[in-house]
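The values are calculated or read from the model by the stated rules, or taken from the named source; none is laboratory data. Bear in mind that the values here come from a model prediction, so they are computed numbers and not experimental data. We place every Cβ from the backbone using ideal geometry, glycine too, and count neighbours over all the protein chains shown.
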Amino acid sequence: MRTTARLIKTIKLGIHKEMNPGKRKAILDTQALYNQTIAFYMDFFADHLAIFDEKKGYEKKDGTTGERPWTAQELLTFAEIHTLETKAHPHPMHPLIEILPDARTMPVSLRRAAINHAVGKVKAWYSVHKRWEADGQQGRPPKLGAPNEPITFYADMAQNPDFDLMARNETRHTFIAVKLWSEDRWKFVQMPVAIHDKARLELAASQAEQARIREETATIQAVKAPRGTWSAEERALIQPQAWCAQSFSIYVRKDKRYPDDQRFSIHIPMEKRIETPKKAEIQRAAHPDMPVVTVDLGVNRLAVMGAFINSQLVATKFVHGGELNHHRHQLLSVINNKRQQSGRLQPDVQDNAFLWEKVRNLDENAARQVASQIVGFARLHGAQVIVFEYLRQYRPPKEKMSRSGRKNHKRGYWLRGQIVEWARDLAFREGVLTVERNPAYTSQMCPHCRTLGERKGHRFTCENPDHVYQADADFVGMMNLYKKWTKTFAYPRKNKKADEPKPVTAAAV
Ligand SMILES: [Zn+2]
């Protein structure tokens with residue numbers, strides 16, 4: 001059977017600093033109203049906890065009956081019947097508009113999102129609470145916190161859900177119209193956003209994919225009886241096979257550089273389905289010669305990559321990290337000096353916050369860039385698997401180093417883990433797997449003659465008297481990682497003498 005994996009990434013678009021105050025207020029008012037609505041429904045469900053334990057009988061496919069908890073749809077309907085006035089129920093038990101008159105005209109999709117959020121929050125709290133009671137009420141009782149959710153704009157709340165960006169290509173500022181609670185009514189408000197070129201391309205591709213899905217859906221529906229069941233193939237056809245924009249949200253973040261210290265941005269989740277790749281080991285068993293990329297991660301040289309096709313090394317790529325190291329070391333020295341000048345650190349006061357943020361940004365950028373280069377390299381050579389070394393726990397350097405030098409060394413090591421994490425995420429979006437292999441001896445064995453070599457700084461020299469070979473130590477590591485992948489790596493023979501007595505423990509069986 002075909003299984004698919006759902007991938008999500010987010011495109012972030014900044015909303016302009018110069019947005020007029022009325023619009024800013026509209027966003028904040030809408031968010032407040034939305035969260036008040038969630039809070040209202042949280043209270044509602046907290047008053048009706050029994051429904052989370054209640055079971056409904058249903059008929060299984062084979063004709064027998066079973067029991068199941070309420071579905072999300074049933075919980076939603078239950079909440080709506082008891083809180084909204086309709087012709088069928090003119091006097092609900094807990095009318096929403098009595099508490100929140102402004103919610104009367106709230107878009108249906110937003111109100112339903114509020115209910116669903118409330119269900120999730122109360123359900124999670126309820127199960128933790130039950131466990132707390134079962135454990136004899138130790139510690140403080142779990143609290144049902146207040147909601148703080150960003151507003152999400154569903155199809156009926158965005159004027160152009162596909163946002164037609166192509167038509168306004170020539171302007172740098174694009175507007176996205178969203179429905180907000182503004183001056184006592186719901187209306188469309190134009191958000192000035194900055195759309196970078198990459199996002200523009202991705203959103204255009206998403207539009208094309210959405211059009212394809214609409215077409216496929218219409219074609220299938222045209223030949224289907226109403227409510228007819230869809231086959232697995234038909235359902236697969238209408239899944240996003242390219243990145244497809246979903247309902248976006250507006251986030252508010254604290255930022256001193258913006259008016260009222262608030263920065264607004266639009267986050268657009270992009271969804272794609274890919275066929276779940278087979279496990280790397282299964283792929284290798286089927287095609288031992290399959291193209292792979294192996295990566296040796298280091299400190300001064302951030303990454304040495306090699307692409308292998310049909311067991312042959314066809315390309316290499318080096319990413320240098322000397323500059324990054326140097327820059328980071330400088331920043332860490334400045335921090336260190338400042339600390340010494342200011343004496344004791346005060347608890348709860350972050351020292352040198354700005355400089356530390358700079359260091360963090362430096363590392364995060366580097367990790368992302370290296371990861372994207374690795375994945376790009378793998379794609380270029382058609383590799384389905386990227387082999388990294390398994391990163392062991394950090395060990396401080398043996399040689400003498402200054403305080404900031406040691407810190408720099410440690411951060412450099414930590415960065416390797418970050419690179420692997422980013423690469424794993426990025427690669428998976430392309431259907432490429434990452435695996436880790438034991439790095440033991442990878443930088444000590446000669447990749448050609450299976451003899452131990454000597455490493456001096458960055459140079460590796462083979463010590464086999466019949467083999468003249470010198471190479472970059474990280475390059476050797478990368479070559480040997482390929483051997484670990486194909487399981488042809490030969491560990492050095494232990495130089496034990498044959499007549500050496502066996503340890504006592506081995507004899508005592
Ligand atoms: Zn050799």
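Quick notes on this structure:
- Those residues of region 73-98 which are among the small types (Gly, Ala, Ser) and either more than 20 Å from Ile38 (Cα to Cα) or modelled with pLDDT under 90 (or both), in sequence order: Ala88
- Ala440 being within 16 Å of the ligand (Cβ to nearest atom), small (Gly, Ala, Ser), surrounded by fewer than 19 Cβ atoms within 10 Å (Cβ to Cβ) and on the phi < 0 side of the Ramachandran plot: no
- Cβ pairs under 6 Å, 6+ apart, first in region 241-263 and outside the structural domain of Gly431 (by TED's automatic domain parsing) and assigned to a helix (DSSP H, G or I), second surrounded by fewer than 17 Cβ atoms within 10 Å (Cβ to Cβ) and at pLDDT 85 or above: Asp261/Lys254
- Boolean, Glu234 is touching a helix residue (DSSP H, G or I) at 6+ places or on another chain (Cβ under 7 Å) and part of a helix (DSSP H, G or I): yes
- In region 374-401, the residue that is surrounded by the fewest Cβ atoms within 10 Å (Cβ to Cβ) out of those that are under 20 Å from Arg424 (Cβ atoms) and among the basic types (Lys, Arg) is Arg392.
- Leading residue by the ranking (farthest from Arg301 (Cα to Cα)) among those in region 443-459 that are touching an Asp or Glu at 6+ places or on another chain (Cβ under 7 Å) and within 10 Å of the ligand (Cβ to nearest atom): Thr451
- Long-range neighbours under 6 Å by Cβ, at least six apart or interchain, first residue in contact (Cβ under 8 Å) with a residue 12 or more places away in the chain within region 1-27, second among the acidic types (Asp, Glu) and surrounded by 12 or more Cβ atoms within 10 Å (Cβ to Cβ): Thr4/Glu275; Ile8/Glu271
- Residue satisfying all of: in region 259-308; among the hydroxyl-bearing types (Ser, Thr, Tyr) and surrounded by 17 or more Cβ atoms within 10 Å (Cβ to Cβ); nearest to Ala158 (Cα to Cα) among these: Ser265
- Unmet requirement for Arg424, which otherwise passes all of (1) closer than 28 Å to Val314 by Cβ; (2) surrounded by fewer than 17 Cβ atoms within 10 Å (Cβ to Cβ); (3) more than 16 Å from the ligand (Cβ to nearest atom); (4) of a type in the set (Lys, Arg): (2)
- Positions within region 462-476 being in contact with a strand residue (DSSP E or B) (Cβ under 7 Å, 6 or more places away or on another chain) and either part of a loop (DSSP other than H, G, I, E, B) or near the ligand (Cβ under 9 Å from one of its atoms) (or both), in sequence order: Cys462, Glu463, Tyr469
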